[in-house]
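Data block below; observations after.
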Amino acid sequence: MDPTTKINIPESDLERIVIVGGGFGGLKLARSLRRSNYQVVLIDKNNYHQFQPLFYQVAMAGLEPSSIVFPFRKLFQGEKNMYIRVTEVTDVDPVAKRLQTPLGHCNYDHLIIATGADTNYFGNERIQEHALPMKSVAEALYLRNNILDDYEDALTTPEYDPRQELVDIAIVGGGPTGVELAGALAEMKKHVLPKDYPELHIEEEVDIYLIQAGDHLLKGMSPESSAKALRYLEDMGVKVLLNSRVTDFDGKAVFLKDGTSIPTQKVIWAAGIKGEPIRGLPESAITYGNRLAVDRYHRVKDCEDIYAVGDVAYMEEEGWPQGHPQVAQVAIQMGKNLAGNFKRRKKGKELTAFSYHDKGSMATIGRARAVVDIPKPSIHFGGIFAWLVWLLVHLFAILGTKNKLFVFLNWVVNYINYNQSLRLIIKPKVK
Ligand SMILES: Cc1cc2nc3c(=O)[nH]c(=O)nc-3n(C[C@H](O)[C@H](O)[C@H](O)COP(=O)(O)OP(=O)(O)OC[C@H]3O[C@@H](n4cnc5c(N)ncnc54)[C@H](O)[C@@H]3O)c2cc1C
């Protein structure tokens, strides 16, 4: 396709807002602006919104991928002045106010960058080549295939050492993603693998490692929740290695800074993320974590009519001197505030500076165990009550009634018998 062609958005008298990225932030913004006095264009490289907090359940064969994604076109059916394009934005020209995509270019009056974040390997190319990330539903599905494939291979690997490489799994990063994955894997080891692979000695042979560079899990949560999560995981048989920094992974063993190594072919990388700004923005706008420096009105530094929300945006405010946590609530609240400001602008009203309302944080560790921190009043709790809160919050946050129902049914079946029939290895046709 000729990249100089336009991506065919009708010209209109309305000002055009182009939103790049239909994640939590971009989607909230698009939905809040759909009946406003603007022409809204949503561009995403996928034709669906992804619910990232449940990727780990797809990877652990607990949920079908289709239950946690939702097609954009269905969300915006019947909306006037709302256009969707499925393509990747590769460049922005802030002077010409124009975006470039493989389908052609698109002009904007206002540009919102809501491209989220990608896995950060901190420059280690070997780790990037061999480790398994989990930043998209496609990667979660790939991880599922990989785990199941390796267990199939283990059946036909009689020698102990090579079999260990296939059955052992290391997760790097003790944040919510790593902790939730470790908990789900421990449950899989206890309840599913012995039934599916009775020929393997699962209990004795399978080890799940959670490797964390710092001295505690769930950085950003309370010390109580962090200690509880560690206790839960250790009770479940997860080998939690604190103060352990991964230096390399060659696809056969993961190497630690203290000189030790763990033989495994599967390293799940949940150790960090970095912002995904679009090429063409001024260097001065890019700051910590490859994020875009924005002011309290979401305006990108040294740019005109360019805004950023969500994981890609770095904003300092009182109470958050090092920027906000890269979580869904921040993205949603930023999207909502920016949409409100666009509407206020049309009415000649004063714009509202963004202020994050922290509703709390939580993580689940297997069945009937979770930790929850609520900031005001400061409350921390764990166990089954926290787990029920976790279930409800996530269920309500998933888009679509059918998705909510399917996820709920899956959870009920899983709770009763741990025996989902989703453990399928689905591969593209090999020519
Ligand atoms: C495994 C995992 C678990 C998580 N669990 C939790 C949790 O329990 N609670 C919580 O609050 N947060 C959680 N998070 C973090 C949360 O998902 C993010 O903070 C949130 O998704 C950020 O929203 P966003 O809108 O900034 O970006 P995203 O939701 O990442 O959306 C970015 C969108 O931009 C699109 N895109 C990117 N680049 C381009 C481009 N160049 N052109 C076109 N489209 C593009 C992508 O396809 C995507 O749709 C989790 C994240 C992960 C990965």
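Below, the figures for the structure above:
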item: Value of [θ]222 nm, deg cm²/dmol, for the chain, DSSP H segments ≥ 4, -39500 (n - 2.57) each, nearest 500; result: -9500 deg cm²/dmol
item: Distance-filtered residues of the range 164-193 - backbone nitrogen under 20 Å, label point 7 angstrom along residue 201 Cα→Cβ; result: 164-169, 189-193
item: The chain: mean projected area of Cα convex hull, nm²; result: 22.8 nm²
item: Label-point separation in nm, residue 216 to residue 105, each point 7 Å along Cα→Cβ; result: 5.2 nm
item: Protection-proxy order for peptides 418-428, 120-130, each taking the mean of Cβ atoms within 10 Å per residue, highest first; result: 120-130, 418-428
item: Unit charges at the beta carbon, dipole of the chain: most positive-side option, 24, 198, 110; result: 110
item: Subset of 219/239; 28/359; 219/252; 80/346; 239/266; 6/97 violating a 21 Å alpha-carbon distance limit; result: 219/252
item: Antiparallel DSSP beta bridges within the chain, percent to nearest 5; result: 50 percent
item: Packing-based order for 37-48, 278-289, using average beta carbon neighbours within 10 Å, highest first; result: 37-48, 278-289
item: Rounded, prolate or oblate (a/c below 1.5 giving rounded, otherwise prolate when a/b exceeds b/c) for the range 157-237 by Cα gyration tensor; result: prolate
item: Using a Förster distance of 45 Å, the FRET efficiency for residue 296-residue 227 (Cβ separation, nearest 0.05); result: 0.80
item: Charged-residue dipole, Cβ positions (Lys, Arg, Asp, Glu), the range 168-317 about Cα centre, Debye nearest 20; result: 140 debye
item: Estimated distance in nm for a label pair at residue 12 and residue 346, the labels positioned 7 Å out from Cα along Cα-to-Cβ; result: 1.0 nm
item: Cα centroid separation - the range 257-287 against the range 359-393, whole Å; result: 28 Å
item: DSSP H segments from the chain that extend 27 Å or more along their own axis, Cα-based, with Kyte-Doolittle mean of 1.0 or above; result: none
item: Vicinal HN-Hα couplings computed from phi for the range 111-122 (Karplus, 6.51 cos²θ - 1.76 cosθ + 1.60; Hz; Gly/Pro x); result: 10, 10, 9, 9, 8, x, 9, 10, 4, 10, 9, 6
item: Beta bridge orientation in the range 125-271: antiparallel %, DSSP, nearest 5; result: 30 percent
item: Burial order of peptide ranges 345-352, 306-313, 25-32, 409-416 (average beta-carbon count within 10 Å, highest first); result: 306-313, 25-32, 409-416, 345-352
item: Extension gain, residue 418 back to residue 74 (0.36 nm per residue minus Cα-Cα distance, nm); result: 120.6 nm
item: Projected label distance in nm at residue 122 and residue 37, using a 7 Å step from Cα toward the beta-carbon; result: 5.1 nm
item: Within the range 141-163, backbone nitrogen closer than 14 Å to the virtual label 7 Å beyond the Cα of residue 261 toward Cβ; result: 162
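Bear in mind these aren't lab numbers, they're just calculated from the coordinates by the rules spelled out. What you see is a predicted model, and the numbers here were worked out from it, not measured in a lab. Don't worry about glycine lacking a Cβ; one is built from the backbone with ideal geometry, like all the others, and counts go over all protein chains shown.
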